[in-house]
Amino acid sequence: MVGHMATTAEKAPEKATKICSKCGDGTPPDYDVWCGKCRSKYAKERDALAEWRAERRGIIRGILAMREHIAAHFVQWGGRPFMAQEITSIVNSLPGPAVADESAKRES
């Protein structure tokens, strides 16, 4: 069959529908593997975790600052023995470490 041309047009392979790799239910956009609902949920969880970590870092820094402040106060007394009531009274009377105002800019 010389000069015979194909009469049926070749069909392009159909594009498979993507399924969200996280929930297995939604359809993600071409540039992602998660659907919008899963991506949004992940972003909210990530932001909440970042806030929690920042709060924990602040608490830990406060504890360390207070320990340093109390230790600096007791260094002046040398090897003097203390009674528990004295220590409690002194610690409760200490003003605490100075902290930056919450509206102060963070140093980089």
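Taken together, the values in this text are just the output of simple stated rules run on the coordinates, not laboratory data. What you see is a predicted model; the values in this text were computed from it and never measured.
Descriptive notes on the structure:
- Largest-first principal axis extents, alpha carbons of the range 36-91, Å: 65, 18, 12
- Once the chain from M66 to A54 is taken as fully extended at 0.36 nm per residue, the excess over their C-alpha distance is 2.5 nm.
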